[in-house]
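Novice: Starting off with a structure, shown below.
The values are calculated or read from the model by the stated rules, or taken from the named source; none is laboratory data. Because the structure is predicted, anything quoted here is derived from the model rather than measured. As a convention, Cβ positions derive from the backbone with ideal geometry for all residues, glycine included, and neighbour counts pool all protein chains shown.
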Amino acid sequence: MQKPGQIYTNIRIRFRHPTESWILMEGSIVNLLHLKGVEALVINSRSIHEVKKLQDSLKEHQYKLEGIIDNSPAGIYMKDRQGHYMILNDAWQEILNLPKEDILGKTDFEILPPKQASIITHNDEKVMKSGQIMKLQESVSYPDGSERYFLTNKFSLLNAENEVMGICGVSNEVTELKNTQFALEKSESWFKAIVQNSLDFVTVVDNDGIKKYVTPSVKKILGFSPAEYLDINFFDNIHPDHELNLISSFKELINKKSKRRIKIYSKIKNSKINGFGSNIFLVINFKTSI
């Protein structure tokens, strides 16, 4: 028996309901035997059956949500208003390449190189101030010099009063795409350096025969500046005797996506160039691009 006036708390028992089902009750017991003329224990109880059902439902919902987050291939994380990590999934932990206990409660400045941490923190602040969902490109670098790139959706986390309490990020890796873009840009740079300094001139023509690109050497060979030569039909400069053959070959190349060499006469701007008359004999290597 407890001392007089002492309360038993957190007593939970199941009672049989008239419907034959069991309901969960929570109660407290007060010993009043110390009071004169009182020979009783006071039991105060209430049903917590519905509360327990809600708690169980909430817990199940939380387990499901954690399962979705942890098994997502995208990096998912939540930070508080000051940028401290509150939640992160396995994918983001792998990306940061640190144990979770070394990430939770810390900011990006304690985890990432200063430059990247500054960029990410600036993005976070921008999202929280705007209240909008933003799609951003971000990266994470590693001690070995490698770098991974991500396309990240970020949005503000709001409390019950609709105040910003933090931020959530969902980052999908695009490293392979980014590296392909870098390689393409490098390849284009090499191509441009080669064709810009070629003794021959290179022309890019669309499917309608309109000239869209030409190298500077066209000035030396035909006398036209690149600006004068572009955005007009390629066949306008071709000698009438060769025009039909060239048009036929052009259509064939478009349909078959192949390459072919054609010999034609083309107009030149200045009849004194290299001792030619009003036309110049050209050997054209045609190739379609897919």
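Novice: For region 237-260, does any single residue satisfy the condition of being within 15 Å of Thr203 (Cα to Cα), modelled with pLDDT under 70, over 46 Å from the mean Cα position of the chain (by Cα) and buried (at least 16 other Cβ atoms within 10 Å of the Cβ)?
Specialist: No - not one qualifying residue is present in region 237-260.
Novice: Output the qualifying pairs, or none if there are none: Cβ atoms under 6 angstrom, residues six or more apart or on different chains, first residue in region 172-197 and under 26 Å from Lys220 (Cβ atoms), second residue not in a helix (DSSP H, G or I).
Specialist: What qualifies is Val195/Val202; Val195/Thr215; Gln196/Thr215.
Novice: Regarding Tyr142, is this residue over 18 Å from Thr107 (Cα atoms), assigned by TED's automatic domain parsing to the domain that holds Met78 and not basic (Lys, Arg)?
Specialist: Considered against the rule, which asks whether it is over 18 Å from Thr107 (Cα atoms), assigned by TED's automatic domain parsing to the domain that holds Met78 and not basic (Lys, Arg), Tyr142 comes out as no.
Novice: In addition: Between Glu110, Glu94, Glu125, Glu101, which is surrounded by fewer than 15 Cβ atoms within 10 Å (Cβ to Cβ), assigned by TED's automatic domain parsing to the domain that holds Ser171 and either closer than 15 Å to Lys154 by Cα or of a type in the set (A, V, I, L, M, F, W, C) (or both)? Working first, answer last.
Specialist: Numbers: Glu110 fails: either closer than 15 Å to Lys154 by Cα or of a type in the set (A, V, I, L, M, F, W, C) (or both); Glu94 fails: either closer than 15 Å to Lys154 by Cα or of a type in the set (A, V, I, L, M, F, W, C) (or both); Glu101 fails: either closer than 15 Å to Lys154 by Cα or of a type in the set (A, V, I, L, M, F, W, C) (or both).
After applying the criteria, what remains is Glu125.
Novice: If you don't mind, there's one more thing I want to ask. Hey, can you tell me all the residues within region 214-234 that are in a helix (DSSP H, G or I) and surrounded by 13 or more Cβ atoms within 10 Å (Cβ to Cβ)?
Specialist: Scanning region 214-234 gives Val218, Lys219, Ile221, Leu222, Pro226, Glu228, Tyr229, Phe234.
Novice: Exactly one condition in (1) assigned to a strand (DSSP E or B); (2) touching a residue at least 24 places away in the same chain (Cβ under 8 Å) is not met by Asn123; state its number.
Specialist: So the condition that Asn123 fails would be (1).
Novice: I've got another one for you. Mind listing whichever residues of region 161-200 are surrounded by 16 or more Cβ atoms within 10 Å (Cβ to Cβ) and over 30 Å from Ser130 (Cβ atoms)?
Specialist: Within region 161-200, just Val195 meets the criteria.
Novice: If I ask for residues that are assigned to a strand (DSSP E or B) and surrounded by fewer than 19 Cβ atoms within 10 Å (Cβ to Cβ), which ones from region 82-91 would you list?
Specialist: Met86, Ile87
Novice: Could you please find all residues in region 204-231 being at positive phi and acidic (Asp, Glu)?
Specialist: Asp231
Novice: While we're looking at this one, here's another question. So is Gln181 part of a loop (DSSP other than H, G, I, E, B) and not small (Gly, Ala, Ser) or not?
Specialist: no
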